[in-house]
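Okay, structure first, notes after.
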Amino acid sequence: MSMSVPQNGDKADGEPVIELFVKAGSDGESIGNCPFSQRLFMILWLKGVVFNVTTVDLKRKPADLQNLAPGTHPPFITYNGEVKTDVNKIEEFLEDVLCPPKYIKLGARHPESNTAGMDIFAKFSAFIKNSKPDANEALERGLLKTLQKLDEYLHSPLPDEIDHNSLEDMKVSNRKFLDGDEMTLADCNLLPKLHIVKVVAKKYRNFDIPKEMAAIWRYLNIAYTCEEFTNTCPSDKEIEIAYADVAKRLVK
């Protein structure tokens, strides 16, 4: 499947020709489960540039794509015909070339925002791949600990939220995202993974992110109202299908 984003978007003179190739879902056409694909999809969407998205069926990768990026799995992009294949380098490249005044800057202002929640996905993977009941509790605790750390970061005011002239201490942050009220590269990296954790842990371990972690739930619920997230996200069913063989049953 190939589509233009935004739909019916007109490419202005001098705009780059960008095509994003992402992993296809189980039907070979829809958006598949891949947080790295969604990360790049979100970045391009937020930049406001006109680009094409092509979903790639890994079971039958077309010959022209194999010639375009031999041995490479999605996600990757072509920028004015040049292939870029490393996700971190693509992110840096897009932030560099799609820059102000024409395009918005997406880098976080606070370095801590880039590392917030960075160990959640590894702890989740260990939890979901484990098949030994006696190890389950410790692995769940490990995941909860990293989630708690993220909740505390989202809950705590950033330096620029604090009014040093005010007599009242600001104890709780009101910001929408990791680094403020606008999405940044940090959110493009974390939100797709956090959503996978929520969906997969519930389906295969009956684990819910605790309601007491109100800052995480606020963060997720705000993201679910943003087209930059919802229109680049695979369906919950696709995420569950992707983890059907990865998530291990607890067997004695």
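Yes or no: residue 228 modelled with pLDDT of 95 or more, open to solvent by 30 Å² or more (accessible area, probe 1.4 Å), assigned to a helix (DSSP H, G or I) and over 30 Å from residue 94 (Cβ atoms)? Outline the logic, then answer.
Numbers: modelled with pLDDT of 95 or more: yes; open to solvent by 30 Å² or more (accessible area, probe 1.4 Å): yes; assigned to a helix (DSSP H, G or I): yes; over 30 Å from residue 94 (Cβ atoms): no.
So residue 228 fails the test.
Is it true that residue 103 is at pLDDT 80 or above, open to solvent by less than 50 Å² (accessible area, probe 1.4 Å) and farther than 23 Å from residue 31 by Cβ? Spell out the reasoning first.
Working: at pLDDT 80 or above: yes; open to solvent by less than 50 Å² (accessible area, probe 1.4 Å): yes; farther than 23 Å from residue 31 by Cβ: yes.
Answer is yes for this residue.
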Go through region 178-208 and count every residue that is within 28 Å of residue 44 (Cβ to Cβ), open to solvent by less than 50 Å² (accessible area, probe 1.4 Å) and either touching a Phe, Trp or Tyr at 6+ places or on another chain (Cβ under 7 Å) or in a loop (DSSP other than H, G, I, E, B) (or both).
-> 9
Residue that is on the phi > 0 side of the Ramachandran plot and either open to solvent by 20 Å² or more (accessible area, probe 1.4 Å) or of a type in the set (D, E, K, R) (or both), where the choices are 67, 80, 114 = 80
Which condition number does residue 99 fail, the rest of (1) touching a residue at least 24 places away in the same chain (Cβ under 8 Å); (2) not in a helix (DSSP H, G or I); (3) not charged (D, E, K, R) being met?
-> (1)
Within region 31-64, which residues are open to solvent by 40 Å² or more (accessible area, probe 1.4 Å) and in contact (Cβ under 8 Å) with a residue 24 or more places away in the chain?
-> 36, 45, 48, 52, 58, 59, 60
Just give me the residues in region 195-226 being free of Cβ contacts under 8 Å to residues at least 40 places away in the same chain and of a type in the set (Ser, Thr, Tyr), in sequence order.
-> 224, 225
Within the set of pairs 6+ apart or on separate chains, which have a first residue in region 83-95 that is under 12 Å from residue 36 (Cα atoms), a second that is at pLDDT 95 or above and of a type in the set (Val, Ile, Thr), and C-beta atoms under 8 Å apart?
-> 90/77; 91/43
Determine whether residue 20 is open to solvent by less than 30 Å² (accessible area, probe 1.4 Å), modelled with pLDDT of 95 or more and out of contact with any His (no Cβ under 9 Å at 6 or more places or on another chain).
-> yes
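The values are calculated or read from the model by the stated rules, or taken from the named source; none is laboratory data. None of these values were measured; they are calculated from a predicted model. Counting neighbours? That spans all protein chains shown, and the Cβs are built from the backbone with ideal geometry, glycine included. Only protein heavy atoms, including side chains, enter the accessible area calculation; ligands, DNA and RNA are left aside. Shrake-Rupley method; radii C 1.70, N 1.55, O 1.52, S 1.80 Å.
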